[in-house]
Amino acid sequence: MKAYKKEVQFTIWMTLAFILVGNVGLIFSIFPTDAMIFGFPAMYIVPILMGWFGVFILTLVAGKIGNRIDDEIDRENESLSESDEVKGV
Amino acid sequence: MEGQSWQLDNPILGLVVIALTFLLFYVVGYISNRKSSSAKDLYVGGANVGAITNGLAMAATYMSLATFLGITALILQLQVPFIMLWIQLILAIPLITIIYGTSLRRMGAFSPTHFIRDRYGVTASIIAALFMILVSIMYALGQMIGIAVTFETLLGIPYVTGLFIFGFIIVGYITIGGMAGATNNAAIQMVIIALMFILPLGAIMKAIGAEGWYFPPLLYADMVPAMLESLPTFFDYQFSPKWYFSIIPALTIGALGLPHLAMRVYTASSLKSARSAMVWFAFILGLVFSATYAMGFVGVFATATQGITISEADADKLTIILNLVYNPEWVTALVIAGAISAGLSTLSGNLLAIGALISQDIIATLKPNISQRVSLRIGFVAIFLGGIASILLAIEPPAFLVVSILWAFGLAGVTNAPLIIVGVWWKEANKFGAIAASVVGGIIYIVVSPFVFPSIVLTGHSVTDGMGLSGAMLAVPISFILLIVVSYITNRIPGLASKLTKQSDIELIERIHGWTDIKSYRYNSTIGAGITVLISAGVAIWALMPWGM
């Protein structure tokens, strides 16, 4: 049950995080600003930076958590087959 | 400079550079593909491709000729809104990987439709495969046109001659190379694309006087004040939040249904390798995308402040024109080779997808007993015929290039993505829901596009309708609603139970998520399905309300 819940929650939250980070332009279209960052209008450069480095960092996180959840599923499978063997005896 | 014909003074130089590039691709393709003995080798490179090669190949497959020709033209026309639209395209591979890529890799699928066949049966998979062939041909068509236009305008070779000569060379290379060749070549092509785009851009920026020429993707802030002075509207968002929201169903979800992208995830040697490939993909694609925005910015800057005039018909050639103006000819020749590489890698992805769709998803589905050898041979023939079809369609090219590619994203988002996403995560989804979603959603999307009935459109803003933004915002949620509601109802009609394969569906879903046992609580949430229906209904109603454009 634990690994399953983690897998579903990870997928939902990670998907939303990716969509958010890749669509910062949508946020700025709702909340416009005149601020400047690094010499560029914030509404221009922040979506570009998030669309590159933000997405890059999220892929690192998603890769790590995804691998860990796979291992947990494998462990639950193993413990399940072991308890089946015990029952069989 | 109005009316100037932009062409290399020395076309031989361009041809030699392109010939050498092709020779390299042929050799790599031939060496890589000597081992292609099964359909698995042909389509997913034996499912044994390393993370860096695969990540680079994913990026090259995704970066089409549009990077060199189309995007910068649309930045010239739409300015910042188009950049905002393009940024989220980087989400494609990460989202495919986390939402369904690893599951389908675990299943051993060749293509998304392979999953649809096992999950929803033959009829649904053939409908999906037919839509996917349409999507892949639209996409391949864009590349073919771009390649022929490049040869026509820059080397002086007539359009149709260039189309046939280079079309056949390219199709031959892909047919000979298969996926292993294509993957190794695509990785090389990504390096060529990155170098041939970014280094010449640095030289152009230096010529214009930009201080940050040594890192073009991000260091051009010193040009901003001059840009704001001569073109104060460049950074304006222009459109409402609704326009920016519509990008999500049309392009973010649309990319999830693109067969040639998903196939890249299946080429990974393991699930861990697929996840590492996604990291490499995000890094390299972010780099080249950012350089593309910089090129668009420099293009607008040059036309606004440097007295360069680029006619509307020449807008697609912005990157090449900037190189012709500011760089030596041999640099432009290399840029052209980069553009051709970009078209080639995407085209090979498209054609391999068409090959897999026809041989694996249609013919092998209808005639499951054909031998491995015959299946492989049909695959080669299908790849070749797909290439020929896109060459023939490109003889009379449509007026748009990138627009047709982006419209194809929406079609994939409507007819394929919901079937895969819901099919992987919800056991109740069944073939009746899938067929209803794909057929009705697909028809609605095509009807409200400006290409079939120009008077039936949602916004009247030609680029918004043409790119499928408005159509997908209506049709994608309808597709999700139909899939969930029709499945839910038909699962509760006793007379239909014998036509459904509920038990094998349940076993398939548990297996592709990595489970060895079956538990009724897994992937069975009615609340989750209900929330999806409610959100989808809200989005579809919003799409029907006035867009104010």
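Any read-out appearing in this document is the output of simple, stated calculations on the displayed coordinates, not a laboratory observation. A quick note: this is a predicted structure, and the numbers were derived from the prediction, not measured. A quick note on method: Cβ atoms are made from the backbone with ideal geometry, for glycine too, and the neighbour counts reach across all protein chains shown.
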Problem set entry | 0 to 90° range, to nearest 10: angle between helix B:526-544 axis and chain B longest Cα axis | 40 degrees
For this session: At 7 Å along the Cα-to-beta-carbon direction for both B:Val452 and B:Ile165, put a label point, then send me their distance in nm to one decimal.
Result: 3.9 nm
Exercise. Relative to the longest principal axis of chain B, what angle (0 to 90°, nearest 10) does the C-alpha long axis of helix B:329-356 take?
Worked result: 10 degrees
Exercise. Against the longest alpha carbon principal axis of chain B, how many degrees, from 0 to 90 and to the nearest 10, is the axis of helix B:431-447 turned?
Worked result: 30 degrees
Exercise. Which helices pass in chain A if a helix is a full DSSP H run, must span at least 15 angstrom along its long axis by Cα, and must have mean Kyte-Doolittle hydropathy not below 0.5?
Worked result: A:2-22
Problem set entry | Proximal aspartates and glutamates relative to B:Lys519, as straight alpha-carbon distance under 18 Å, when same-chain residues fewer than 8 apart are discounted | A:Glu7, A:Asp70, A:Glu72, A:Asp74, A:Glu76, A:Glu78, A:Glu82, A:Asp84, B:Glu428, B:Asp505, B:Glu507, B:Glu510
Seminar exercise, completed: From DSSP H assignment alone, runs of 4+ in chain A each adding -39500 (n - 2.57), the sum over residues rounded to the nearest 500 puts [θ] at 222 nm at -26500 deg cm²/dmol
Exercise. Once you average over the residues of B:71-81, how many Cβ atoms of partner chains fall within 10 Å of each Cβ?
Worked result: 1
For this session: Express in nm, to one decimal, how much length is gained between B:Leu134 and B:Ile52 on full extension, taking 0.36 nm for each residue of separation and deducting their alpha carbon distance.
Result: 26.4 nm
For this session: Using only the Cα atoms of the protein assembly as shown, build the gyration tensor, take square roots of its eigenvalues as a ≥ b ≥ c, and label the shape rounded, prolate or oblate: rounded if a/c is under 1.5, else prolate if a/b is larger than b/c, else oblate.
Result: prolate
Seminar exercise, completed: Here the relative contact order (percent) of region A:2-79, from C-alpha pairs under 8 Å and at least 6 apart, is 40 percent
For this session: Just rank B:Leu163, B:Leu23, fewest to most, by other beta-carbon atoms within 10 angstrom.
Result: B:Leu23, B:Leu163
Seminar exercise, completed: What helix-only [θ] at 222 nm does chain B give? Using -39500 (n - 2.57) per DSSP H run of at least 4, over all residues, to the nearest 500, the answer is -22500 deg cm²/dmol
For this session: Determine the sum of side-chain charges near B:Pro11: Lys and Arg each +1, Asp and Glu each -1, restricted to other residues whose C-beta is under 14 angstrom from that of B:Pro11.
Result: -3
Exercise. How large is ³J(HN,Hα), in whole Hz, for each residue of region B:202-218 in order, when computed from phi with the Karplus curve 6.51 cos²θ - 1.76 cosθ + 1.60 and θ = phi - 60°, using x for Gly and Pro?
Worked result: x, 5, 4, 5, 5, 5, 6, x, 6, 6, x, 4, 6, 9, x, x, 10
Exercise. If you place +1 on the Cβ of every Lys and Arg, -1 on the Cβ of every Asp and Glu, and leave all else neutral, what size is the dipole of the protein assembly as shown about its Cα centre, to the nearest 20 Debye?
Worked result: 1860 debye
For this session: Could you pull out every one of the lysines with an alpha carbon less than 25 Å from that of B:Lys272, ignoring same-chain neighbours closer than 8 positions?
Result: A:Lys2, A:Lys5, A:Lys6, A:Lys64, B:Lys35, B:Lys40
For this session: Evaluate chain B: find the radius of gyration of its Cα atoms, find its Kirkwood radius, and give the ratio Rg to Rh.
Result: 0.97
Seminar exercise, completed: Proxy exposure order for B:Ser64, B:Ser348, B:Ser311 (fewest C-beta within 10 Å first) is B:Ser311, B:Ser64, B:Ser348
Seminar exercise, completed: Taking B:213-222, A:25-34, B:334-343, B:467-476 and ranking on average Cβ neighbours within 10 Å, highest first, one gets B:467-476, B:334-343, B:213-222, A:25-34
For this session: Quote the relative contact order of chain B in percent (integer), defining contacts as alpha-carbon pairs under 8 Å separated by 6+ residues.
Result: 27 percent
Exercise. Can you sort A:Arg68, B:Arg105 by how many other beta carbons sit within 10 Å, fewest first?
Worked result: A:Arg68, B:Arg105
Seminar exercise, completed: Other residues with Cβ under 15 Å from the Cβ of B:Val403 give, with Lys and Arg +1 and Asp and Glu -1, a net charge of -3
Exercise. Rounded, prolate or oblate: which fits region B:442-526 when a ≥ b ≥ c are the square roots of the eigenvalues of the alpha-carbon gyration tensor, with rounded for a/c under 1.5 and prolate only if a/b beats b/c?
Worked result: prolate
